[in-house]
Each structure stands twice: as structure tokens, then as C-alpha cells.
Amino acid sequence: MCGIVGYIGESQAAPILLDGLSKLEYRGYDSAGIAVYDGDNIKVQKAIGRLKVLSELTHDGATMPGVSGIGHTRWATHGAPSNINAHPHFNQEETIAVVHNGIIENYLKLKKYLENKNYHFVSDTDTEVVAHLLDYYYKGDPIEAIIKVMHRVEGSYGLGIIFKAHPEQIYAVRKDSPLIVGHGKDGNLIASDVPAVLKYTRNVYFIQNEEIAVLSGEDIFFYNVDGEGITKESTTIDWDMNAAEKGGYEHFMLKEMYEQPQTVRDTLSPRIKDGAVYIEELGMTDEEIRRIRKIHMVACGSAYHTGVTAKYVFEGMARIPVEVDLASEFRYRNPILQEDELVIIISQSGETADSLAALREAKGRGIQTLGIVNVVGSSIAREADKVMYTWAGPEIAVATTKAYSAQLIAEYLLAIQFAKVRGEITEAEMASYLKDLQKLPEQIEMLLSNKEKIQHFANRYISAKDVFFVGRGLDYAISMEGSLKLKEISYIHSEAYAAGELKHGTISLIEEGTLVAAVLTQEELYKKTISNIVELTSRGAFVLAVTNTGNLEIKKAADYVIYIPQTNRWFTNSLAIIPLQLFSYYVSVGKGCDVDKPRNLAKSVTVE
């Protein structure tokens with residue numbers, strides 16, 4: 001959510017700020033603004049709507065000269081989207097400018113305190129409190145003022161700050177909201193995510209909680225909350241620059257769907273050696289794995305859906321009891337956590353606020369934690385006791401595709417490893433599983449190559465009002481993700497149900513022409529699900545079935561059938577999701593929706 005970029009150096013800042021913010025559009029936003037020091041004053045320009053509006057207002061930054069500045073794309077929390085509420089925010093004298101990601105939880109108390117000190121507020125945001133509080137504490141030393149603010153504010157924040165009195169420096173502060181520093185040849189940058197700086201540098205520093213970064217054009221210094229200097233090691237980002245560009249595809253989402261075969265290969269290949277699973281970074285001994293009595297899968301959104309899949313796989317293959325929790329519910333339900341249990345936190349960004357809070361809740365109770373994340377150096381990767389990377393590369397579209405697929409693969413590999421160590425599968429069974437996993441990239445490519453058939457079908461349902469997804473067991477898990485994909489990018493109301501639950505209320509919503517997507521990949525459940533399909537069609541539903549090659553019986557019950565290749569029953573979700581992704585994509589395109597940046601949504605959800 002929201003995006004921060006800052007620059008100081010030899011080049012004009014405004015074009016760099018606008019370019020960096022454009023690389024963060026996937027994070028979700030409703031307004032944008034930049035602040036640049038022009039040699040005399042800090043000038044600010046804001047605009048509601050897409051970044052291109054701000055670019056046009058500033059003639060791509062040409063009307064805002066200066067070599068230092070900060071920029072922001074805002075996803076509204078406190079106060080409606082408007083020019084006044086857009087960042088950056090000033091103090092009253094317009095000598096301090098601030099951009100902020102996160103939420104200041106005690107802002108009302110601080111606002112009342114400052115109003116009693118004759119500070120005047122012009123916006124509805126919590127961020128303006130920070131600007132005035134900095135002003136209140138500033139006595140000539142920016143670091144001293146920033147530290148005092150850090151001690152007063154509660155909540156989460158990533159801050160970019162410029163002081164008119166110190167134009168040779170910009171400041172960055174972080175607590176729970178991600179922030180990085182990039183060290184370039186012609187200047188230094190701050191940003192809330194790596195893609196914003198890749199054009200200018202590959203050397204980045206990850207700011208940790210309650211740390212301050214001070215950037216000049218040549219140097220970068222880091223301090224802790226006590227004002228003491230600290231030393232940090234930089235990380236070299238080895239992403240291909242083209243990974244953050246569309247590469248000729250109409251949308252990032254389509255590009256990333258087509259990257260799934262390679263993403264699956266990249267997640268699999270280093271982990272399969274000499275016929276065994278080898279997860280180098282995991283660092284769990286066989287004895288630790290054998291001691292695990294129960295697993296808690298905790299995640300949000302699509303990552304949560306992979307956890308639902310993983311529950312079936314871990315319980316069926318490794319015979320370990322698994323609970324799956326939405327991260328936003330986990331810590332508030334006072335979960336029962338006991339010794340020798342494992343909490344697995346799944347997050348693409350590694351910065352998801354609710355997931356990070358759940359991780360800290362588990363660690364605070366002395367329970368071992370494992371993070372499955374994509375971003376090396378992210379908060380979850382650093383704070384979890386153990387980590388497994390998905391190596392999906394940058395994913396720009398808000399609606400996840402390849403990161404979701406990579407998480408599934410990571411969870412399959414983990415389940416196989418646990419099952420083997422615990423003696424639940426034989427060498428022959430493991431070899432069979434690994435053989436099927438290695439076939440998945442080619443099978444996904446085959447499904448993607450048949451997109452025209454799905455596109456043709458999707459065009460018939462552009463005007464649909466309601467769509468339902470149903471399945472049993474693992475098929476229910478994939479139905480949840482298929483439903484989410486459709487609703488988040490096409491704005492069509494969609495729900496997923498366990499097929500056996502339909503008659504307990506939901507079937508009353510079925511009327512003539514209602515589209516139902518039924519997933520049938522678990523052979524032992526074919527007959528049960530087909531019976532549910534018959535119940536639906538008899539009430540007027542039009543049923544799209546996604547099933548395994550060879551399931552001919554379904555043709556008698558469903559109206560339209562999409563076949564996926566045969567694979568081991570535990571891995572079918574990696575194939576069944578492909579036609580569902582394509583269906584959602586083409587419905588969204590047909591409706592003229594903003595596929596990559598759906599309304600009201602953000603890629604990285606860094607507030608609760």
C-alpha cells in the first residue's frame with residue numbers, strides 16, 4: 001500500500017521521483033504528489049487519480065527544478081482521496097515536508113496536543129501530525145527531532161523527510177512499513193520497494209525497524225533510535241531489469257501468467273538433487289522435523305489459499321495436523337499454541353502487516369516459525385526462525401499469479417521433505433512425486449497455449465452479475481483462489497463454496513443462466529461433485545467444469561469442460577488454477593477494467 005520514493009544527487013529529482021513512483025503503481029493508490037527543494041524553498045505538487053495526472057501537471061517533472069526531493073502515491077486510510085489529503089504534507093511554515101506509509105494509531109491524541117500548541121491542520125490525515133510534530137521538536141538538529149517523534153508516535157510508518165534548513169540531505173525512517181535505500185553513482189535514493197530504484201542502482205540497504213537513514217548525494221549514514229551510528233551491509237539485487245517491465249505483453253498480469261512455467265522451474269530446480277528434496281536455506285534438522293506435532297498455516301488473500309491447499313497436502317502426505325488461519329484473525333482469537341508446533345507464515349512481499357504481526361505473536365509465545373516468502377531481506381524473512389524462498393522474481397500486477405504458483409511449489413516440496421523424514425512415504429513414492437513435480441512447467445505451458453478457447457468462453461460472461469466456484473477437498477481450495485481472481489480484477493460478485501454445502505443455503509441463489517465453475521481433480525470425489533453439478537443444472541445453472549483428462553463422465557453433467565493434464569492428485573491445483581486465471585483475466589479485459597491495478601486494492605498490504 002502506498003509508495004515512497006526519494007532522491008538526492010546530481011540529477012534533477014522530479015523526473016526520477018515520477019519514474020520511481022511509476023514502478024510502484026502496483027502497490028495501489030488514489031493520489032500522488034512530489035516535493036522538491038528548488039534552491040530557495042520546498043515546492044509541492046499533488047494530484048488526485050493516476051500518476052499520469054501528476055506527470056502532466058509537472059510536464060514530467062520539468063516545472064519542478066531541484067536535485068533533492070521526495071514523492072508518494074497514497075492509498076487512502078485517514079481522509080478521502082483528495083489533493084489536500086495527498087502527500088507530501090508540510091508543517092505550517094512549509095519548511096519540513098513528509099511522506100508516510102503506514103498508520104499513526106495515536107494521531108488523534110497527538111493532533112489534539114498539537115492543536116493546543118496552536119498548530120493548524122489542513123488535512124484529515126494522520127501523516128500531517130508527523131510534519132507538525134517534527135516542527136515542534138526541531139531545534140536545529142533533524143536527527144534529534146526525528147528520534148523524539150519516533151518516541152511519541154504509535155503504529156507503523158515508513159517516512160521520507162526533507163528539511164528546508166538542510167537541503168543537502170534527505171531522511172528516511174522505518175517502523176513496520178518497508179523502506180530501502182539505494183546507493184547510486186549519481187545520487188542516492190529511498191523507496192518502499194526495490195523496483196523503484198532498479199533503473200538507477202542495484203546496491204540497496206534494507207532499513208530495519210526503528211532505524212534512521214540520512215542520505216546526501218554522496219554518502220549514506222544509518223542511526224538507531226538512540227541516535228547511535230550503525231553499520232549496515234548492502235545487498236546486490238540480481239533481478240533482471242526486464243522482469244519489472246511488460247516486455248510486449250498488454251498487461252503485467254498476462255506476462256506474469258506466462259512466466260509461471262519458468263517460475264515453477266526456478267522454485268523446483270535448486271531443491272531437487274540426487275532424487276531428494278534439498279532446501280538449503282531452511283536449516284531444519286531431521287530431528288526438528290520429527291518433533292513437530294502440529295502446523296499452523298497463517299497468511300492473507302491468495303497466500304491464505306495456498307495454505308488451505310497445503311493443509312490437504314501436509315495432512316494427506318506427511319500426516320501432520322494442520323490449522324489454517326487468516327493472519328488478521330490469528331492473534332486476535334488467542335490461538336492455542338503449544339511446544340513442538342510450527343507456525344508457517346506465507347507472504348509474497350514478506351511485509352504483509354497482519355502476517356508479520358502473527359509471526360511476532362507466535363515468536364512471543366516461544367513457538368518456532370517458518371516464513372515462506374519471495375523477497376530476500378524482507379521483515380518476515382529476517383524475523384522468522386526459518387525461511388524458505390519462492391524465488392518468483394518481481395510481481396507487478398496486484399492480482400497474484402506467479403507468486404501464488406511458486407508458493408504452492410514451495411509447500412509441496414516442504415510436505416514431501418517432512419513426509420520422507422517422518423517415514424510417511426517411501427523412496428519410491430518420493431521419486432514419483434518429484435517426477436510429477438518436474439513435469440508441471442511443461443504442463444502449465446500447454447494450458448497457457450490453449451488460451452483462445454478460454455478467451456472465447458470468457459467473452460460470454462463479461463456482463464455476469466454473480467459467479468460461483470465449487471469443489472471438494474483440494475478442489476475447494478482452488479475454487480477459493482479462482483473466485484478471488486475473478487472478483488478482484490473484474491469486480492463481478494463471486495463466491496467459492498465446498499460443493500457439498502450448496503444445499504445448505506447457497507443453492508437458493510442459483511437461477512437460470514447463473515455461471516458456476518466446478519473443479520473436479522480428485523478422482524475419489526468425482527461422483528459426489530457430479531451429483532452436486534446435476535443439482536445445479538436442474539435449477540438453471542450453466543456449469544463450467546475444470547477436470548482431469550480422461551474424466552468423460554463430466555461431459556454428461558457440465559455444459560462446458562476444460563481438461564487439465566494428469567498429475568499426482570496432490571499437485572492438481574498447480575494446473576487447475578491456470579484456466580481460472582485466464583478466465584478472470586479475459587473477463588476483466590473484456591469489461592475494460594484496469595487489470596494490473598484494480599480499484600481499491602494494493603499489492604503490499606502494510607496496514608492492518
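The values are calculated or read from the model by the stated rules, or taken from the named source; none is laboratory data. Small disclaimer: the values here were computed from a predicted structure and weren't measured. Cβ coordinates were reconstructed from backbone atoms using ideal geometry, including for glycine residues, and neighbour counts include every protein chain displayed. Calculation scope for accessible area: heavy atoms of the full protein, side chains included, ligands and nucleic acids excluded. Shrake-Rupley method; radii C 1.70, N 1.55, O 1.52, S 1.80 Å.
With respect to ILE444, determine if the residue is touching a Pro at 6+ places or on another chain (Cβ under 6 Å), modelled with pLDDT of 95 or more, surrounded by 20 or more Cβ atoms within 10 Å (Cβ to Cβ) and β-branched (Val, Ile, Thr).
Taking the combined requirement at face value, the residue satisfies it.
Do you know which residues across region 511-538 are farther than 20 Å from ILE462 by Cβ, of a type in the set (Val, Ile, Thr) and modelled with pLDDT under 95? Break it down stepwise before answering.
Looking only at region 511-538, we keep the residues that are farther than 20 Å from ILE462 by Cβ, and these are 518-538.
Next, only the ones that are of a type in the set (Val, Ile, Thr) stay: 519, 521, 529-530, 533-534, 537.
Across region 511-538, the qualifying residues are THR529, ILE530, ILE533, VAL534, THR537.
Among strands (runs of 3 or more DSSP E) lying entirely in region 134-196, which contain 1 or more residues that are charged (D, E, K, R), open to solvent by 10 Å² or more (accessible area, probe 1.4 Å) and in contact (Cβ under 8 Å) with a residue 24 or more places away in the chain? Walk me through how you get there before you give the answer.
Working: elements: 157-163, 170-175, 180-183, 187-191.
Fully inside region 134-196 and qualifying: 170-175.
Conditions first: (1) in a loop (DSSP other than H, G, I, E, B); (2) open to solvent by 40 Å² or more (accessible area, probe 1.4 Å); (3) touching a residue at least 60 places away in the same chain (Cβ under 8 Å); (4) not acidic (Asp, Glu). TYR223 passes all but one, so which condition is the exception?
(1)
If a residue must be closer than 19 Å to ALA576 by Cα and among the β-branched types (Val, Ile, Thr), how many such residues does region 399-435 contain?
Selection size over region 399-435: 3.
Residue by residue through region 197-209, note down the ones that are closer than 22 Å to ALA353 by Cα and either open to solvent by 10 Å² or more (accessible area, probe 1.4 Å) or out of contact with any strand residue (DSSP E or B) (no Cβ under 7 Å at 6 or more places or on another chain) (or both).
Correct list: TYR205, PHE206, GLN208, ASN209.
Would you check which residues across region 472-504 are under 21 Å from the mean Cα position of the chain (by Cα), without any contact (Cβ under 8 Å) to a residue 40 or more places away in the chain and open to solvent by 10 Å² or more (accessible area, probe 1.4 Å) and list them?
Passing the criteria: only LYS487.
Kindly indicate the residue of region 360-375 that is part of a loop (DSSP other than H, G, I, E, B) and more than 14 Å from the chain's Cα centre (by Cα) and also surrounded by the most Cβ atoms within 10 Å (Cβ to Cβ) among those meeting that condition.
Taking region 360-375 first, the residues part of a loop (DSSP other than H, G, I, E, B) are 365-367, 374-375.
Okay, now just the ones that are also more than 14 Å from the chain's Cα centre (by Cα), so 365-367.
Values: ARG365: 14, GLY366: 9, ILE367: 19.
Step by step, filter region 360-375, then rank; the result is ILE367.
Please pick out the residue among ALA406, ALA410 that is open to solvent by less than 10 Å² (accessible area, probe 1.4 Å), on the phi < 0 side of the Ramachandran plot and touching a strand residue (DSSP E or B) at 6+ places or on another chain (Cβ under 7 Å). Lay out the reasoning, then the answer.
On the way: ALA406 fails: touching a strand residue (DSSP E or B) at 6+ places or on another chain (Cβ under 7 Å).
Step by step, each of ALA406, ALA410 is checked, and only ALA410 is open to solvent by less than 10 Å² (accessible area, probe 1.4 Å), on the phi < 0 side of the Ramachandran plot and touching a strand residue (DSSP E or B) at 6+ places or on another chain (Cβ under 7 Å).
Tell me which of these ILE454 doesn't satisfy, since it passes every other one: (1) more than 19 Å from LYS591 (Cα to Cα); (2) of a type in the set (Val, Ile, Thr); (3) in contact with a Phe, Trp or Tyr (Cβ under 8 Å, 6 or more places away or on another chain).
(1)
In this structure, is LEU601 within 27 Å of the chain's Cα centre (by Cα) and closer than 20 Å to TYR491 by Cα?
On the way: within 27 Å of the chain's Cα centre (by Cα): yes; closer than 20 Å to TYR491 by Cα: yes.
Spelling it out, LEU601 is indeed within 27 Å of the chain's Cα centre (by Cα) and closer than 20 Å to TYR491 by Cα.
Being open to solvent by less than 30 Å² (accessible area, probe 1.4 Å), closer than 28 Å to SER156 by Cα and not small (Gly, Ala, Ser), is that true of even one residue in region 54-64?
Of the residues in region 54-64, the ones open to solvent by less than 30 Å² (accessible area, probe 1.4 Å) are 54-55, 58, 61, 64.
Retained after the next criterion (residues that are closer than 28 Å to SER156 by Cα): 54.
Of the ones still in play, those that are also not small (Gly, Ala, Ser) are 54.
Within region 54-64, one or more residues are open to solvent by less than 30 Å² (accessible area, probe 1.4 Å), closer than 28 Å to SER156 by Cα and not small (Gly, Ala, Ser).
Does LEU57 fit the bill of being among the aliphatic types (A, V, I, L, M) and at pLDDT below 95? Write out each step before concluding.
Numbers: among the aliphatic types (A, V, I, L, M): yes; at pLDDT below 95: yes.
Answer is yes for this residue.
So for region 580-592 (the condition being hydrophobic (A, V, I, L, M, F, W, C), part of a helix (DSSP H, G or I), touching a Gly at 6+ places or on another chain (Cβ under 6 Å) and more than 30 Å from ILE48 (Cα to Cα)), does at least one residue qualify?
Of region 580-592, the ones hydrophobic (A, V, I, L, M, F, W, C) are 580, 582-583, 587, 589.
Now narrow it down to the ones that are part of a helix (DSSP H, G or I): 580, 582-583, 587, 589.
Checking which are touching a Gly at 6+ places or on another chain (Cβ under 6 Å) leaves us with 580.
Within this subset, residues satisfying the condition of being more than 30 Å from ILE48 (Cα to Cα) are 580.
There is at least one residue in region 580-592 that is hydrophobic (A, V, I, L, M, F, W, C), part of a helix (DSSP H, G or I), touching a Gly at 6+ places or on another chain (Cβ under 6 Å) and more than 30 Å from ILE48 (Cα to Cα).
Quick check on region 447-454. Is at least one of its residues at pLDDT below 95, farther than 27 Å from TYR29 by Cβ and of a type in the set (Ser, Thr, Tyr)?
Yes, the conditions are met somewhere in region 447-454.
Okay, residues lined up against (1) open to solvent by less than 40 Å² (accessible area, probe 1.4 Å); (2) closer than 18 Å to HIS166 by Cβ:
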| site | (1), (2) |
| --- | --- |
| ASN83 | no, no |
| PRO88 | yes, yes |
| ASN91 | yes, yes |
| THR95 | no, yes |
| VAL98 | yes, yes |
| GLY102 | yes, no |
| LEU108 | no, no |
| LEU114 | yes, no |
| LYS117 | no, no |
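Working only within region 527-560, note down all residues that are under 32 Å from the mean Cα position of the chain (by Cα) and either open to solvent by 20 Å² or more (accessible area, probe 1.4 Å) or of a type in the set (A, V, I, L, M, F, W, C) (or both).
Step one: filter region 527-560 for residues under 32 Å from the mean Cα position of the chain (by Cα), giving 543-548.
Answer for region 527-560, where residues must be under 32 Å from the mean Cα position of the chain (by Cα) and either open to solvent by 20 Å² or more (accessible area, probe 1.4 Å) or of a type in the set (A, V, I, L, M, F, W, C) (or both): VAL543, LEU544, ALA545, VAL546.
hydroxyl-bearing (Ser, Thr, Tyr) and either open to solvent by less than 10 Å² (accessible area, probe 1.4 Å) or in contact with a Ser or Thr (Cβ under 8 Å, 6 or more places away or on another chain) (or both): is that true of THR567 in this structure?
Numbers: hydroxyl-bearing (Ser, Thr, Tyr): yes; either open to solvent by less than 10 Å² (accessible area, probe 1.4 Å) or in contact with a Ser or Thr (Cβ under 8 Å, 6 or more places away or on another chain) (or both): yes.
It is true that THR567 is hydroxyl-bearing (Ser, Thr, Tyr) and either open to solvent by less than 10 Å² (accessible area, probe 1.4 Å) or in contact with a Ser or Thr (Cβ under 8 Å, 6 or more places away or on another chain) (or both).
Considering only residues that are within 23 Å of the chain's Cα centre (by Cα) and closer than 30 Å to GLU429 by Cβ, which ones fall in region 323-346?
So the first thing to find is which residues in region 323-346 are within 23 Å of the chain's Cα centre (by Cα), and the list is 323-332, 342-346.
GLU323, VAL324, ASP325, LEU342, VAL343, ILE344, ILE345, ILE346, listed by residue number.
Report the residue count in region 327-353 for those that are out of contact with any helix residue (DSSP H, G or I) (no Cβ under 6 Å at 6 or more places or on another chain), of a type in the set (S, T, N, Q) and under 24 Å from THR401 (Cα atoms).
Quick first cut of region 327-353, residues out of contact with any helix residue (DSSP H, G or I) (no Cβ under 6 Å at 6 or more places or on another chain) only: 329, 332-339, 341-342, 344, 349, 352-353.
Those left that are additionally of a type in the set (S, T, N, Q): 334, 338, 349, 352.
If we keep only those that are under 24 Å from THR401 (Cα atoms) too, we end up with 349, 352.
Looking only at that region, the number is 2.
Filtering region 417-431 down to residues that are in contact (Cβ under 8 Å) with a residue 60 or more places away in the chain and under 13 Å from ARG290 (Cα atoms), which residue is most open to solvent (accessible area, probe 1.4 Å)?
The selected residue is GLU424.
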